[in-house]
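A short worksheet on the structure shown next.
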Amino acid sequence: MILYKNISELLTLAPAAKKSGRRIAEFDLGIVEDAALVASGTRILWAGKLKEIPKKLLKGKRKSISLNGKVVMPGFVECHTHSLFGGNRAHEFEMRNQGATYQEIASKGGGILSTVRATRAASDRDLMVSLNKHVLEFVRQGVTTLEVKSGYGLNHKEEIRLLSLINKVKKIRVVSTYLGPHARSPEQPDFSLYIDEIIKKTLPEIKQKKLSRRVDIFVEHGYFSLELGERYWQAAKSLEMDLVGHVEQLTATGAAVAAAKMNAVSVDHLVCLKDDEVGEIAGSETTCVLLPTADFYLKMAYPAARRLIDAGARVALATDFNPGTSPSTDLSLVGVLARLNMKMTLPEIISAYTIGAAHALRLADSVGSLEAGKSADFIVLENSWRELFYRVGKMPILSTWSKNKRIY
Ligand SMILES: [Zn+2]
(Lines give C-alpha, C1' and ligand atoms only; values in the text may rest on other atoms or scores of the structure.)
Protein backbone atom coordinates (compact mmCIF):
# COMPACT_ATOMS: atom_id res chain seq x y z
CA MET A 1 0.00 0.00 0.00
CA ILE A 2 1.26 3.47 -0.85
CA LEU A 3 0.12 6.74 0.72
CA TYR A 4 0.72 9.68 -1.60
CA LYS A 5 0.74 12.86 0.46
CA ASN A 6 1.66 16.52 0.22
CA ILE A 7 -0.75 17.14 -2.63
CA SER A 8 -1.72 20.82 -2.66
CA GLU A 9 -4.62 20.23 -5.02
CA LEU A 10 -6.07 16.92 -6.18
CA LEU A 11 -8.28 17.04 -9.26
CA THR A 12 -10.32 13.86 -8.80
CA LEU A 13 -12.69 14.48 -11.73
CA ALA A 14 -15.16 12.45 -9.65
CA PRO A 15 -18.10 14.86 -10.24
CA ALA A 16 -17.31 14.85 -13.99
CA ALA A 17 -17.34 11.04 -13.94
CA LYS A 18 -20.66 11.07 -12.11
CA LYS A 19 -22.12 13.28 -14.83
CA SER A 20 -20.58 10.91 -17.36
CA GLY A 21 -18.55 13.74 -18.87
CA ARG A 22 -21.49 15.92 -19.88
CA ARG A 23 -22.14 19.65 -19.21
CA ILE A 24 -18.85 20.14 -17.39
CA ALA A 25 -18.09 23.20 -15.25
CA GLU A 26 -15.10 23.94 -12.99
CA PHE A 27 -16.85 22.36 -10.01
CA ASP A 28 -16.80 19.02 -11.85
CA LEU A 29 -13.01 18.83 -11.69
CA GLY A 30 -13.58 17.72 -8.08
CA ILE A 31 -10.74 19.77 -6.63
CA VAL A 32 -9.64 18.75 -3.12
CA GLU A 33 -7.07 20.87 -1.29
CA ASP A 34 -4.41 19.38 1.04
CA ALA A 35 -5.19 15.97 -0.33
CA ALA A 36 -3.86 12.44 -0.23
CA LEU A 37 -4.20 9.37 -2.38
CA VAL A 38 -3.94 5.79 -1.17
CA ALA A 39 -3.28 3.00 -3.64
CA SER A 40 -2.65 -0.72 -3.34
CA GLY A 41 -1.54 -3.07 -6.10
CA THR A 42 -2.55 -1.23 -9.25
CA ARG A 43 -5.70 0.42 -7.85
CA ILE A 44 -6.78 3.45 -5.84
CA LEU A 45 -8.13 2.62 -2.39
CA TRP A 46 -9.02 6.13 -1.36
CA ALA A 47 -8.71 9.75 -2.53
CA GLY A 48 -9.60 12.86 -0.53
CA LYS A 49 -8.55 15.37 2.13
CA LEU A 50 -5.50 14.17 4.07
CA LYS A 51 -7.10 14.87 7.44
CA GLU A 52 -10.18 12.83 6.52
CA ILE A 53 -8.24 9.70 5.67
CA PRO A 54 -9.91 6.61 7.23
CA LYS A 55 -7.86 5.36 10.22
CA LYS A 56 -7.78 1.78 9.02
CA LEU A 57 -5.80 2.92 5.97
CA LEU A 58 -3.06 4.29 8.24
CA LYS A 59 -2.58 0.95 10.00
CA GLY A 60 -0.45 -1.90 8.73
CA LYS A 61 2.41 -1.92 6.29
CA ARG A 62 2.59 1.03 4.00
CA LYS A 63 5.00 3.29 2.20
CA SER A 64 4.50 7.04 1.88
CA ILE A 65 5.56 9.21 -0.99
CA SER A 66 5.55 12.99 -0.81
CA LEU A 67 4.42 14.76 -3.95
CA ASN A 68 6.03 17.99 -2.73
CA GLY A 69 2.98 20.21 -2.55
CA LYS A 70 2.19 19.81 -6.22
CA VAL A 71 -1.10 19.40 -8.13
CA VAL A 72 -2.22 15.86 -9.00
CA MET A 73 -4.84 14.79 -11.54
CA PRO A 74 -5.83 11.70 -13.56
CA GLY A 75 -3.47 10.62 -16.36
CA PHE A 76 -4.63 11.71 -19.79
CA VAL A 77 -6.49 9.29 -22.03
CA GLU A 78 -5.45 9.70 -25.66
CA CYS A 79 -8.28 7.93 -27.48
CA HIS A 80 -7.56 8.33 -31.22
CA THR A 81 -4.13 7.77 -32.79
CA HIS A 82 -2.52 6.06 -35.75
CA SER A 83 0.82 5.73 -33.94
CA LEU A 84 2.01 2.58 -35.74
CA PHE A 85 3.41 3.28 -39.20
CA GLY A 86 6.58 3.12 -41.26
CA GLY A 87 8.28 6.13 -42.86
CA ASN A 88 6.91 9.65 -42.78
CA ARG A 89 5.31 12.14 -45.18
CA ALA A 90 7.46 15.23 -44.54
CA HIS A 91 8.31 15.61 -48.22
CA GLU A 92 4.64 15.46 -49.15
CA PHE A 93 3.85 18.14 -46.58
CA GLU A 94 6.29 20.46 -48.34
CA MET A 95 4.80 19.62 -51.75
CA ARG A 96 1.31 20.32 -50.47
CA ASN A 97 2.34 23.69 -49.07
CA GLN A 98 4.00 24.60 -52.37
CA GLY A 99 0.70 24.10 -54.13
CA ALA A 100 0.75 20.46 -55.32
CA THR A 101 -2.71 18.90 -55.53
CA TYR A 102 -3.63 15.59 -53.92
CA GLN A 103 -3.72 14.01 -57.39
CA GLU A 104 -0.20 15.24 -58.16
CA ILE A 105 1.05 13.93 -54.82
CA ALA A 106 -0.67 10.58 -55.40
CA SER A 107 0.76 10.30 -58.93
CA LYS A 108 4.24 10.73 -57.43
CA GLY A 109 3.56 7.80 -55.10
CA GLY A 110 2.52 9.93 -52.10
CA GLY A 111 -0.53 9.91 -49.86
CA ILE A 112 -1.70 7.18 -47.52
CA LEU A 113 -0.48 4.43 -49.87
CA SER A 114 3.12 5.59 -49.41
CA THR A 115 2.68 4.99 -45.67
CA VAL A 116 1.15 1.58 -46.43
CA ARG A 117 4.18 0.66 -48.56
CA ALA A 118 6.65 1.86 -45.91
CA THR A 119 4.74 0.07 -43.14
CA ARG A 120 4.57 -3.22 -45.02
CA ALA A 121 8.27 -2.99 -45.86
CA ALA A 122 9.30 -2.35 -42.23
CA SER A 123 10.34 -5.25 -40.00
CA ASP A 124 8.38 -6.01 -36.80
CA ARG A 125 11.38 -4.81 -34.85
CA ASP A 126 11.62 -1.47 -36.64
CA LEU A 127 7.90 -0.86 -36.28
CA MET A 128 8.06 -1.62 -32.54
CA VAL A 129 11.00 0.75 -32.06
CA SER A 130 9.05 3.51 -33.79
CA LEU A 131 5.80 2.74 -31.93
CA ASN A 132 7.54 2.71 -28.55
CA LYS A 133 9.14 6.04 -29.35
CA HIS A 134 5.70 7.49 -30.01
CA VAL A 135 4.35 5.92 -26.80
CA LEU A 136 7.13 7.63 -24.86
CA GLU A 137 6.25 10.99 -26.42
CA PHE A 138 2.74 10.55 -25.05
CA VAL A 139 3.89 9.32 -21.61
CA ARG A 140 6.04 12.44 -21.20
CA GLN A 141 2.90 14.50 -21.73
CA GLY A 142 1.03 12.63 -19.01
CA VAL A 143 -0.80 10.04 -21.10
CA THR A 144 -1.48 6.80 -19.21
CA THR A 145 -3.98 5.20 -21.62
CA LEU A 146 -3.35 5.27 -25.36
CA GLU A 147 -5.43 4.06 -28.26
CA VAL A 148 -3.57 2.90 -31.38
CA LYS A 149 -5.26 1.89 -34.63
CA SER A 150 -4.09 -0.49 -37.30
CA GLY A 151 -4.93 0.69 -40.82
CA TYR A 152 -1.66 0.93 -42.75
CA GLY A 153 -1.67 -2.77 -43.66
CA LEU A 154 -4.82 -2.78 -45.78
CA ASN A 155 -4.92 -6.54 -46.26
CA HIS A 156 -5.72 -9.42 -43.93
CA LYS A 157 -2.18 -10.54 -43.15
CA GLU A 158 -0.69 -7.08 -42.65
CA GLU A 159 -3.58 -5.78 -40.53
CA ILE A 160 -3.32 -8.82 -38.25
CA ARG A 161 0.43 -8.21 -37.96
CA LEU A 162 -0.12 -4.57 -36.99
CA LEU A 163 -2.69 -5.43 -34.31
CA SER A 164 -0.33 -8.04 -32.83
CA LEU A 165 2.43 -5.42 -32.63
CA ILE A 166 0.18 -2.82 -30.98
CA ASN A 167 -0.69 -5.37 -28.30
CA LYS A 168 3.01 -5.80 -27.47
CA VAL A 169 3.41 -2.31 -25.95
CA LYS A 170 4.21 -2.70 -22.25
CA LYS A 171 4.86 0.81 -20.96
CA ILE A 172 1.23 1.93 -20.49
CA ARG A 173 -2.31 0.69 -21.08
CA VAL A 174 -2.73 0.51 -24.84
CA VAL A 175 -6.06 -0.12 -26.55
CA SER A 176 -5.81 -1.53 -30.07
CA THR A 177 -8.44 -0.74 -32.70
CA TYR A 178 -8.88 -2.53 -36.01
CA LEU A 179 -9.05 -0.04 -38.90
CA GLY A 180 -8.77 -2.32 -41.93
CA PRO A 181 -11.26 -0.13 -43.86
CA HIS A 182 -9.00 2.94 -43.72
CA ALA A 183 -8.41 3.40 -47.47
CA ARG A 184 -8.52 1.43 -50.71
CA SER A 185 -6.73 -1.91 -50.36
CA PRO A 186 -4.06 -2.40 -53.06
CA GLU A 187 -5.02 -6.09 -53.36
CA GLN A 188 -8.79 -5.57 -53.30
CA PRO A 189 -9.62 -2.17 -54.82
CA ASP A 190 -13.37 -2.88 -54.78
CA PHE A 191 -14.57 -1.41 -51.48
CA SER A 192 -17.56 -3.71 -51.21
CA LEU A 193 -15.58 -6.90 -51.88
CA TYR A 194 -12.94 -5.75 -49.39
CA ILE A 195 -15.59 -5.30 -46.68
CA ASP A 196 -16.98 -8.77 -47.54
CA GLU A 197 -13.54 -10.29 -47.03
CA ILE A 198 -13.10 -8.43 -43.73
CA ILE A 199 -16.46 -9.65 -42.47
CA LYS A 200 -15.82 -13.25 -43.55
CA LYS A 201 -12.19 -13.62 -42.58
CA THR A 202 -10.57 -10.79 -40.65
CA LEU A 203 -13.14 -9.88 -37.99
CA PRO A 204 -13.63 -13.52 -36.84
CA GLU A 205 -9.86 -13.98 -36.59
CA ILE A 206 -9.42 -10.75 -34.59
CA LYS A 207 -12.16 -11.89 -32.25
CA GLN A 208 -10.81 -15.41 -31.90
CA LYS A 209 -7.22 -14.26 -31.28
CA LYS A 210 -8.41 -11.39 -29.03
CA LEU A 211 -6.37 -8.89 -31.06
CA SER A 212 -8.87 -6.08 -30.59
CA ARG A 213 -12.35 -5.49 -29.25
CA ARG A 214 -12.97 -2.40 -31.39
CA VAL A 215 -13.55 -1.74 -35.08
CA ASP A 216 -13.15 1.57 -36.90
CA ILE A 217 -13.85 2.61 -40.51
CA PHE A 218 -13.38 5.70 -42.69
CA VAL A 219 -16.85 6.54 -44.01
CA GLU A 220 -16.51 9.20 -46.70
CA HIS A 221 -17.60 9.98 -50.25
CA GLY A 222 -15.15 8.26 -52.59
CA TYR A 223 -14.09 5.85 -49.83
CA PHE A 224 -16.30 3.55 -47.76
CA SER A 225 -19.97 4.43 -48.21
CA LEU A 226 -22.42 4.66 -45.34
CA GLU A 227 -24.06 1.46 -46.58
CA LEU A 228 -20.74 -0.40 -46.36
CA GLY A 229 -20.12 1.16 -42.98
CA GLU A 230 -23.42 -0.13 -41.67
CA ARG A 231 -22.75 -3.61 -43.06
CA TYR A 232 -19.34 -3.65 -41.38
CA TRP A 233 -20.60 -2.28 -38.05
CA GLN A 234 -23.47 -4.78 -38.02
CA ALA A 235 -21.05 -7.70 -38.52
CA ALA A 236 -18.76 -6.39 -35.77
CA LYS A 237 -21.71 -5.86 -33.47
CA SER A 238 -22.80 -9.46 -33.90
CA LEU A 239 -19.30 -10.42 -32.68
CA GLU A 240 -19.88 -8.13 -29.66
CA MET A 241 -17.17 -5.71 -30.72
CA ASP A 242 -17.26 -1.96 -30.02
CA LEU A 243 -18.04 0.31 -32.98
CA VAL A 244 -16.08 3.43 -33.89
CA GLY A 245 -16.13 5.56 -37.03
CA HIS A 246 -14.11 8.26 -38.79
CA VAL A 247 -17.23 10.15 -39.85
CA GLU A 248 -18.33 13.54 -41.17
CA GLN A 249 -14.70 14.60 -41.66
CA LEU A 250 -14.52 15.92 -45.23
CA THR A 251 -18.20 15.79 -46.27
CA ALA A 252 -21.55 15.08 -44.63
CA THR A 253 -22.63 11.45 -45.00
CA GLY A 254 -25.12 10.87 -42.17
CA ALA A 255 -22.74 8.27 -40.74
CA ALA A 256 -22.48 9.86 -37.29
CA VAL A 257 -26.20 9.54 -36.61
CA ALA A 258 -26.26 6.04 -38.15
CA ALA A 259 -23.38 4.95 -35.91
CA ALA A 260 -24.98 6.46 -32.81
CA LYS A 261 -28.20 4.58 -33.60
CA MET A 262 -26.12 1.38 -33.63
CA ASN A 263 -24.75 2.33 -30.22
CA ALA A 264 -21.22 3.11 -31.42
CA VAL A 265 -18.82 3.92 -28.57
CA SER A 266 -17.52 6.94 -30.45
CA VAL A 267 -17.95 9.00 -33.60
CA ASP A 268 -14.74 10.80 -34.54
CA HIS A 269 -14.03 14.06 -36.43
CA LEU A 270 -17.60 15.44 -36.92
CA VAL A 271 -16.45 18.54 -38.80
CA CYS A 272 -19.38 18.30 -41.24
CA LEU A 273 -22.04 17.26 -38.73
CA LYS A 274 -25.29 19.04 -39.60
CA ASP A 275 -27.09 21.27 -37.12
CA ASP A 276 -30.16 19.03 -37.06
CA GLU A 277 -27.99 16.01 -36.25
CA VAL A 278 -26.49 17.53 -33.10
CA GLY A 279 -29.45 16.71 -30.86
CA GLU A 280 -29.54 13.07 -31.89
CA ILE A 281 -25.83 12.59 -31.18
CA ALA A 282 -25.97 14.57 -27.94
CA GLY A 283 -28.81 12.44 -26.62
CA SER A 284 -27.03 9.16 -27.36
CA GLU A 285 -24.47 7.19 -25.35
CA THR A 286 -21.95 7.70 -28.15
CA THR A 287 -18.93 9.91 -27.35
CA CYS A 288 -17.97 12.67 -29.81
CA VAL A 289 -14.21 12.51 -30.40
CA LEU A 290 -12.97 15.84 -31.77
CA LEU A 291 -9.57 16.04 -33.49
CA PRO A 292 -8.69 19.70 -34.07
CA THR A 293 -5.03 19.09 -35.02
CA ALA A 294 -6.18 17.32 -38.20
CA ASP A 295 -8.50 20.25 -39.00
CA PHE A 296 -5.57 22.60 -38.40
CA TYR A 297 -3.21 20.73 -40.75
CA LEU A 298 -5.92 20.33 -43.40
CA LYS A 299 -6.95 23.99 -43.04
CA MET A 300 -10.54 22.87 -42.50
CA ALA A 301 -13.33 24.23 -40.36
CA TYR A 302 -13.46 22.98 -36.76
CA PRO A 303 -16.26 20.82 -35.35
CA ALA A 304 -19.14 22.55 -33.58
CA ALA A 305 -17.96 21.63 -30.09
CA ARG A 306 -19.96 24.37 -28.37
CA ARG A 307 -23.21 23.29 -29.96
CA LEU A 308 -22.56 19.63 -29.09
CA ILE A 309 -21.55 20.37 -25.49
CA ASP A 310 -24.44 22.77 -24.89
CA ALA A 311 -26.84 20.13 -26.21
CA GLY A 312 -25.48 17.71 -23.60
CA ALA A 313 -23.08 15.64 -25.71
CA ARG A 314 -20.12 13.90 -24.14
CA VAL A 315 -16.99 15.12 -25.89
CA ALA A 316 -13.45 13.74 -26.00
CA LEU A 317 -10.36 15.28 -27.58
CA ALA A 318 -7.41 13.51 -29.18
CA THR A 319 -4.40 14.15 -31.43
CA ASP A 320 -5.33 11.85 -34.37
CA PHE A 321 -1.54 11.43 -34.58
CA ASN A 322 -0.67 10.08 -38.06
CA PRO A 323 2.06 10.81 -40.62
CA GLY A 324 -0.23 12.47 -43.16
CA THR A 325 -3.01 14.73 -41.87
CA SER A 326 -1.95 15.16 -38.24
CA PRO A 327 1.77 14.57 -37.75
CA SER A 328 1.73 15.82 -34.15
CA THR A 329 1.65 14.05 -30.79
CA ASP A 330 1.22 17.39 -29.00
CA LEU A 331 -1.67 17.33 -26.52
CA SER A 332 -1.19 21.01 -25.75
CA LEU A 333 -1.76 21.92 -29.40
CA VAL A 334 -5.06 19.97 -29.32
CA GLY A 335 -6.18 21.86 -26.22
CA VAL A 336 -5.08 25.26 -27.48
CA LEU A 337 -6.95 24.74 -30.76
CA ALA A 338 -10.01 23.61 -28.81
CA ARG A 339 -9.85 26.80 -26.74
CA LEU A 340 -9.11 29.16 -29.64
CA ASN A 341 -11.24 27.69 -32.40
CA MET A 342 -13.88 25.58 -30.67
CA LYS A 343 -14.54 27.86 -27.68
CA MET A 344 -14.18 25.03 -25.19
CA THR A 345 -13.45 26.01 -21.59
CA LEU A 346 -10.41 24.65 -19.77
CA PRO A 347 -12.49 22.40 -17.44
CA GLU A 348 -14.31 21.03 -20.50
CA ILE A 349 -10.97 20.23 -22.14
CA ILE A 350 -9.59 18.55 -19.01
CA SER A 351 -12.74 16.45 -18.75
CA ALA A 352 -12.67 15.63 -22.47
CA TYR A 353 -9.07 14.41 -22.17
CA THR A 354 -9.78 12.23 -19.11
CA ILE A 355 -13.27 10.92 -18.38
CA GLY A 356 -14.66 11.83 -21.82
CA ALA A 357 -11.91 9.89 -23.59
CA ALA A 358 -12.25 7.04 -21.09
CA HIS A 359 -15.87 6.67 -22.23
CA ALA A 360 -14.77 6.69 -25.88
CA LEU A 361 -12.64 3.62 -25.09
CA ARG A 362 -15.32 2.05 -22.84
CA LEU A 363 -12.87 2.22 -19.93
CA ALA A 364 -14.75 4.73 -17.76
CA ASP A 365 -15.05 2.13 -14.99
CA SER A 366 -11.28 1.93 -14.60
CA VAL A 367 -9.67 5.20 -15.77
CA GLY A 368 -10.47 8.89 -16.32
CA SER A 369 -10.96 9.96 -12.69
CA LEU A 370 -9.23 9.35 -9.36
CA GLU A 371 -11.68 7.34 -7.28
CA ALA A 372 -11.58 4.19 -5.16
CA GLY A 373 -11.47 1.10 -7.34
CA LYS A 374 -10.04 2.78 -10.39
CA SER A 375 -6.53 2.29 -11.73
CA ALA A 376 -3.86 4.39 -9.97
CA ASP A 377 -3.02 6.34 -13.15
CA PHE A 378 -2.14 9.92 -12.31
CA ILE A 379 0.14 12.80 -13.15
CA VAL A 380 1.92 15.44 -11.10
CA LEU A 381 1.87 18.93 -12.59
CA GLU A 382 4.67 21.52 -12.46
CA ASN A 383 2.30 24.29 -11.43
CA SER A 384 -1.41 25.11 -11.38
CA TRP A 385 -3.80 23.11 -13.57
CA ARG A 386 -4.76 26.48 -15.06
CA GLU A 387 -1.47 26.41 -16.98
CA LEU A 388 -2.55 23.31 -18.91
CA PHE A 389 -3.36 23.65 -22.63
CA TYR A 390 -1.85 27.13 -22.71
CA ARG A 391 1.65 26.79 -24.18
CA VAL A 392 1.78 24.87 -27.46
CA GLY A 393 4.55 22.27 -27.35
CA LYS A 394 4.69 22.24 -23.56
CA MET A 395 2.68 20.01 -21.27
CA PRO A 396 3.79 21.03 -17.75
CA ILE A 397 4.13 17.49 -16.35
CA LEU A 398 6.58 16.62 -13.55
CA SER A 399 5.85 12.91 -13.41
CA THR A 400 3.52 10.26 -14.86
CA TRP A 401 2.29 7.29 -12.79
CA SER A 402 0.67 4.26 -14.36
CA LYS A 403 -0.93 1.51 -12.23
CA ASN A 404 0.67 2.87 -9.06
CA LYS A 405 4.19 2.99 -10.54
CA ARG A 406 6.17 5.99 -11.69
CA ILE A 407 6.89 5.62 -15.40
CA TYR A 408 8.16 9.12 -16.17
ZN1 LIG B 1 -7.90 9.14 -37.44
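Inside the stretch 18-57, can you point out the residues that are in a loop (DSSP other than H, G, I, E, B), open to solvent by 50 Å² or more (accessible area, probe 1.4 Å) and in contact with a strand residue (DSSP E or B) (Cβ under 8 Å, 6 or more places away or on another chain)?
Selection gives THR42 alone.
I'd like to know if the stretch 306-317 contains one or more residues that are over 21 Å from ALA255 (Cα atoms) and under 13 Å from the mean Cα position of the chain (by Cα).
No, there is no match, as no residue in the stretch 306-317 is over 21 Å from ALA255 (Cα atoms) and under 13 Å from the mean Cα position of the chain (by Cα).
Working only within the stretch 256-275, note down all residues that are more than 16 Å from the ligand (Cβ to nearest atom) and within 19 Å of VAL215 (Cβ to Cβ).
Answer for the stretch 256-275, where residues must be more than 16 Å from the ligand (Cβ to nearest atom) and within 19 Å of VAL215 (Cβ to Cβ): VAL257, ALA258, ALA260, LYS261, MET262, ASN263.
Which of the residues belonging to the stretch 121-135 are buried (at least 16 other Cβ atoms within 10 Å of the Cβ), under 30 Å from ASP377 (Cβ atoms) and not polar (S, T, N, Q)?
LEU127, MET128, LEU131, HIS134, VAL135
Quick one: would you say VAL271 is under 27 Å from ILE105 (Cβ atoms) and in contact with a Ser or Thr (Cβ under 6 Å, 6 or more places away or on another chain)?
Considered against the rule, which asks whether it is under 27 Å from ILE105 (Cβ atoms) and in contact with a Ser or Thr (Cβ under 6 Å, 6 or more places away or on another chain), VAL271 comes out as no.
Those residues that are buried (at least 17 other Cβ atoms within 10 Å of the Cβ), closer than 30 Å to ASN167 by Cβ, at pLDDT below 95 and among the hydrophobic types (A, V, I, L, M, F, W, C), I need them from the stretch 84-120; list them, please.
Within the stretch 84-120, just ILE112 meets the criteria.
Among what's in the stretch 153-199 and is of a type in the set (Val, Ile, Thr) and either closer than 19 Å to LEU361 by Cβ or under 17 Å from the mean Cα position of the chain (by Cα) (or both), pick the residue that is most open to solvent (accessible area, probe 1.4 Å).
If we take residues in the stretch 153-199 being of a type in the set (Val, Ile, Thr) and either closer than 19 Å to LEU361 by Cβ or under 17 Å from the mean Cα position of the chain (by Cα) (or both), then VAL174 is most open to solvent (accessible area, probe 1.4 Å).
State whether the residues of the stretch 212-224 include one that is of a type in the set (A, V, I, L, M) and either open to solvent by 10 Å² or more (accessible area, probe 1.4 Å) or more than 16 Å from the ligand (Cβ to nearest atom) (or both).
Taking every residue of the stretch 212-224 in turn, none turns out to be of a type in the set (A, V, I, L, M) and either open to solvent by 10 Å² or more (accessible area, probe 1.4 Å) or more than 16 Å from the ligand (Cβ to nearest atom) (or both).
Looking at the stretch 318-331, can you tell me whether even one residue there is more than 15 Å from the chain's Cα centre (by Cα) and more than 16 Å from the ligand (Cβ to nearest atom)?
No, the stretch 318-331 contains no residue that is more than 15 Å from the chain's Cα centre (by Cα) and more than 16 Å from the ligand (Cβ to nearest atom).
Anything in the stretch 212-227 that is in a loop (DSSP other than H, G, I, E, B), in contact (Cβ under 8 Å) with a residue 12 or more places away in the chain and not β-branched (Val, Ile, Thr)? List them, or say none.
Within the stretch 212-227, SER212, ARG213, ASP216, GLU220, HIS221, TYR223, SER225 meet the criteria.
Go through the stretch 360-408 and report how many residues are open to solvent by 70 Å² or more (accessible area, probe 1.4 Å), part of a helix (DSSP H, G or I) and more than 18 Å from THR12 (Cβ to Cβ).
1
The values are calculated or read from the model by the stated rules, or taken from the named source; none is laboratory data. Note that the structure is predicted; figures quoted are calculated from it, not measured. Ideal geometry is used to build each Cβ from the backbone, glycine not excepted, and the neighbour counts take in all protein chains shown. Note: areas computed on protein heavy atoms with side chains; ligands, DNA, RNA excluded. Shrake-Rupley method; radii C 1.70, N 1.55, O 1.52, S 1.80 Å.
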